[in-house]
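Data first, discussion second: the structure below is written as structure tokens.
The values are calculated or read from the model by the stated rules, or taken from the named source; none is laboratory data. Bear in mind the structure is a predicted one, so any value in this text is a computation, not a measurement. We place every Cβ from the backbone using ideal geometry, glycine too, and count neighbours over all the protein chains shown. Calculation scope for accessible area: heavy atoms of the full protein, side chains included, ligands and nucleic acids excluded. Shrake-Rupley method; radii C 1.70, N 1.55, O 1.52, S 1.80 Å.
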Amino acid sequence: MDARHPLTPLDRQLLGWLGDTRVLLLLTKADKLSRAELSATLKTVSSASHREALLFSSVTRQGVEECRSLLEQWFAAGRGNKKPPAKGK
């Protein structure tokens with residue numbers, strides 16, 4: 001979601017369709033808002049969506065490592081910490 005315009009009606013509709021599916025909300029363009037605006041937006045989105053949200057900026061790279069780490073944890077937990085199958089097997 002664009003951090004400047006979070007939780008549009010389409011965002012809410014998509015979250016409704018996803019139901020209880022695990023979702024990571026990335027609030028993009030975080031570099032466009034002040035710290036106070038970012039804090040308020042993050043709090044609003046997290047509480048309204050009941051999901052984890054991270055601030056993200058491809059310009060400043062804010063949130064890149066946090067997102068990568070969290071996704072790696074999710075994937076590891078989802079496959080029971082097993083190694084992925086070898087190619088062709």
Scanning region 38-55 for residues that are touching a residue at least 12 places away in the same chain (Cβ under 8 Å) and more than 17 Å from Asp11 (Cα to Cα) gives Leu38
Within region 16-56, the residues that are at positive phi and open to solvent by less than 80 Å² (accessible area, probe 1.4 Å) are Gly19
Residue count, region 57-68, condition among the small types (Gly, Ala, Ser) and open to solvent by 50 Å² or more (accessible area, probe 1.4 Å), comes to 1
